[in-house]
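To keep things clear, I will list the structure first and then write my remarks on it.
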Amino acid sequence: MSQTVGNTAAFIEAQQYSDFILMNLHDGLLPTNLYRNVSDFGSGTTIDIKTIGSTTIQEITENEDLTYNPIDTGTVQLQITDYVGDAWYITDILRQDSAQLEALHAARGAEATRAIQEHFETRFLTVVNAGQTASDRNLINGFSHRFRAAGTNQTLSEADLIDARLSFDKANAPVGGRMAIVDPVSAAAFAKRAQLTANLDAASSITQSLVKDGFHKEHQFVTEIYGWSIWTSNRLPTVTAETLTLADGSSSASTSGIANIFMCVGDDQVKPGMVAWRQPPRVETGRDRSKKRDEFDTTARFGMGVQRLDTLLVVVTSATATA
């Protein structure tokens, strides 16, 4: 009798596993120049950074005494607060009986490092937002540095970018290095408003980029708008039931949504945020002989804080509305 499915069942492996492994999808991380790296903080858990204020000029009358005024000084603090990591092990039995284990092991290590990077970025954006006073305009030289978006249904508009630029101008923030980190929903709402028309030069490289890729590609807008280099991020903090006005101080309302963060990152003197790495992400391995397994962990320790508020601005937009 010839071999058939019925009499050769032992040689039929109905369930097969492909050599291809499906990995997680990840969005792009923000650039690493967003914060000042505090390098003179090698021990302890808290560091004080000195600050110097401004002087006031006085009118002088001949043959009269000058008034000797002190200059304002103070400190801002940075603390080591976060100690995070991931740990896993591989038993000898699993090594002996498994297939493609090294691919799984390599992917696990990469995912652990990526998770720490995402945690770090989320924490940084949260800490910077928390540096401002909630339900307050956070005025600098009379202009708002925290307001809700002026677009329909609290969506991001050109007016918000212009108002943010004016607030930075009045705060004496440098023109170079101005950066806005906005939610993808905000980017979509803005793109819907900026319609391409026949008045745009079709031969323009910027126009061609907009037609081909839209306003943003790889999490960055294709061009600066009103002086802002604009990036998108899914890790911006949320705002719940916060009373905010428009940029001009009008139309106060209870507001919920996403805190889009504007900042100046031209150099370490102007960056609003600071970070100290006590231990960058590090992988360690070991052997537990009693349990017959190899152990691995990835850990990191750091702290972050706000060093100045005049180069920081937040525009709160809807988390869902694009029009």
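The values are calculated or read from the model by the stated rules, or taken from the named source; none is laboratory data. What you see is a predicted model; the values in this text were computed from it and never measured. Here Cβ is always computed from backbone atoms with ideal geometry, including for glycine, and neighbour counts include all displayed protein chains. Just the protein is used for accessible areas: all its heavy atoms, side chains included, with ligands, DNA and RNA removed. Shrake-Rupley method; radii C 1.70, N 1.55, O 1.52, S 1.80 Å.
Using the structure shown, decide if Gly273 is of a type outside the set (Lys, Arg) and touching a helix residue (DSSP H, G or I) at 6+ places or on another chain (Cβ under 6 Å).
On the way: of a type outside the set (Lys, Arg): yes; touching a helix residue (DSSP H, G or I) at 6+ places or on another chain (Cβ under 6 Å): yes.
Taking the combined requirement at face value, the residue satisfies it.
If you go through the range 53-79 one residue at a time, how many are of a type in the set (A, V, I, L, M, F, W, C) and open to solvent by 90 Å² or more (accessible area, probe 1.4 Å)?
Matching residues across the range 53-79 total 2.
Just to verify a result, which residue in the range 80-105, among those that are over 26 Å from Glu118 (Cα atoms) and polar (S, T, N, Q), is most open to solvent (accessible area, probe 1.4 Å)? First the steps, then the outcome.
Filtering the range 80-105 for residues over 26 Å from Glu118 (Cα atoms) gives 91-100.
If we keep only those that are polar (S, T, N, Q) too, we end up with 91, 96, 98, 100.
On the way: Thr91: 48, Gln96: 134, Ser98: 43, Gln100: 80 Å².
It comes out as Gln96.
Consider Ala112 against the criteria (1) touching a Ser or Thr at 6+ places or on another chain (Cβ under 9 Å); (2) in a loop (DSSP other than H, G, I, E, B); (3) open to solvent by less than 30 Å² (accessible area, probe 1.4 Å): it satisfies all of them except one. Which criterion is unmet?
(2)
Those residues that are farther than 21 Å from Asn234 by Cα, of a type in the set (A, V, I, L, M, F, W, C) and assigned to a loop (DSSP other than H, G, I, E, B), I need them from the range 148-188; list them, please.
Ala150, Ala171, Ala173, Val175
Which one of these is modelled with pLDDT under 80, of a type in the set (Asp, Glu) and either within 30 Å of Val270 (Cα to Cα) or not in a strand (DSSP E or B) (or both): Glu64, Glu13?
Working: Glu64 fails: modelled with pLDDT under 80.
Going through Glu64, Glu13 in turn, just one is modelled with pLDDT under 80, of a type in the set (Asp, Glu) and either within 30 Å of Val270 (Cα to Cα) or not in a strand (DSSP E or B) (or both): Glu13.
Taking the range 54-73, which residues are more than 27 Å from Ile140 (Cβ to Cβ) and hydrophobic (A, V, I, L, M, F, W, C)?
Once the filter is applied, which keeps residues that are more than 27 Å from Ile140 (Cβ to Cβ) and hydrophobic (A, V, I, L, M, F, W, C), the range 54-73 yields Ile60, Leu66.
Looking at Ser98, Ser135, Ser144, can you tell me which residue is farther than 25 Å from Asp27 by Cβ and in contact with an Asp or Glu (Cβ under 6 Å, 6 or more places away or on another chain)?
Details: Ser98 fails: in contact with an Asp or Glu (Cβ under 6 Å, 6 or more places away or on another chain); Ser144 fails: in contact with an Asp or Glu (Cβ under 6 Å, 6 or more places away or on another chain).
The unique qualifying residue is Ser135.
Condition first: without any contact (Cβ under 8 Å) to a residue 40 or more places away in the chain and either in a strand (DSSP E or B) or within 30 Å of Arg282 (Cβ to Cβ) (or both). Now tell me which residues in the range 67-90 satisfy that. Explain how you work it out, then say what you get.
So in the range 67-90, the residues without any contact (Cβ under 8 Å) to a residue 40 or more places away in the chain come out as 67-75.
Thr73, Gly74, Thr75 - these are the residues of the range 67-90 that are without any contact (Cβ under 8 Å) to a residue 40 or more places away in the chain and either in a strand (DSSP E or B) or within 30 Å of Arg282 (Cβ to Cβ) (or both).
State all residues of the range 167-193 that are open to solvent by 30 Å² or more (accessible area, probe 1.4 Å) and without any contact (Cβ under 8 Å) to a residue 40 or more places away in the chain; if no residue qualifies, say none.
Passing the criteria: Asp169, Lys170, Ala191.
Among (1) modelled with pLDDT of 95 or more; (2) over 16 Å from the mean Cα position of the chain (by Cα); (3) buried (at least 19 other Cβ atoms within 10 Å of the Cβ), which single condition is Leu125 missing?
(2)
Residue pairs, Cβ under 7 Å, 6 or more apart or interchain, first in the range 91-108 and within 13 Å of Asp294 (Cβ to Cβ), second among the basic types (Lys, Arg) and not in a strand (DSSP E or B). List them.
Close Cβ pairs satisfying both conditions: Thr91/Lys292; Asp92/Lys292; Leu101/Arg95.
Take the residues in the range 302-323 that are open to solvent by less than 30 Å² (accessible area, probe 1.4 Å) and in a loop (DSSP other than H, G, I, E, B), then tell me which one is nearest to Asp48 (Cα to Cα).
The extreme case among them is Thr311.
Filter the range 255-274 down to residues that are in a loop (DSSP other than H, G, I, E, B) and over 14 Å from the mean Cα position of the chain (by Cα) and give me whichever is farthest from Gly303 (Cα to Cα). Let's see the steps before the verdict.
Going through the range 255-274, the residues in a loop (DSSP other than H, G, I, E, B) turn out to be 265-272.
Pick out the ones that are also over 14 Å from the mean Cα position of the chain (by Cα) and you get 266-270.
Values: Gly266: 22, Asp267: 20, Asp268: 17, Gln269: 19, Val270: 19 Å.
Going through the qualifying residues, I end up with Gly266.
Scanning the range 128-147 for residues that are of a type in the set (S, T, N, Q) and in a loop (DSSP other than H, G, I, E, B), which turns out surrounded by the most Cβ atoms within 10 Å (Cβ to Cβ)?
Our first condition is that a residue be of a type in the set (S, T, N, Q); within the range 128-147, this holds for 129, 132-133, 135, 138, 141, 144.
Within this subset, residues satisfying the condition of being in a loop (DSSP other than H, G, I, E, B) are 132-133, 135, 138, 141, 144.
Working: Gln132: 19, Thr133: 11, Ser135: 14, Asn138: 19, Asn141: 11, Ser144: 24.
The selected residue is Ser144.
Out of everything in the range 275-301 that is under 24 Å from the mean Cα position of the chain (by Cα) and of a type in the set (D, E, K, R), what residue ends up being most open to solvent (accessible area, probe 1.4 Å)?
My answer is Arg282.
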